[in-house]
1. How large is ³J(HN,Hα), in whole Hz, for each residue of the range 24-38 in order, when computed from phi with the Karplus curve 6.51 cos²θ - 1.76 cosθ + 1.60 and θ = phi - 60°, using x for Gly and Pro?
2. Along the Cα-to-C-beta direction of residue 25, a point sits 7 Å from the Cα; which residues of the range 42-74 have their amide N less than 20 Å from that point?
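Only the coordinates and a few stated rules stand behind these numbers; no lab work does. The model shown is predicted, which means the values in this text are computed figures rather than measured ones. Note: ideal-geometry Cβ built from the backbone for every residue, glycine included; neighbour counts use all protein chains shown.
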Amino acid sequence: MLPQVLAGLGLSLISAGCQLWLQRLQPLFFAVALVSLGYQIWLIRTRPSARRKSSVKAVLAVSLALNFVVVGGWITLLIRYW
């Protein structure tokens with residue numbers, strides 16, 4: 001029983017360490033998401049209008065929606081656990 005308890009304690013310490021690092025890296029993830037979103041918008045705007053198909057616009061819309069959901073969840077968690 002003691003080895004199981006020690007193994008569980010070790011895993012929880014590793015998990016807590018990972019969580020701290022992920023929490024510190026949140027601004028970096030946020031910046032990468034914004035830069036990639038800006039790059040996607042720039043790519044679509046620089047295309048000729050004949051090549052801006054609905055599928056390309058749909059991919060951008062889904063990407064925008066997903067980014068808003070992730071940022072909204074991040075802000076919600078930040079407010080909840082602050």
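1. In residue order, the calculated couplings are 5, 8, 4, x, 5, 4, 4, 5, 5, 5, 5, 5, 5, 5, x Hz.
2. Zone members listed by number: 67, 70-74.
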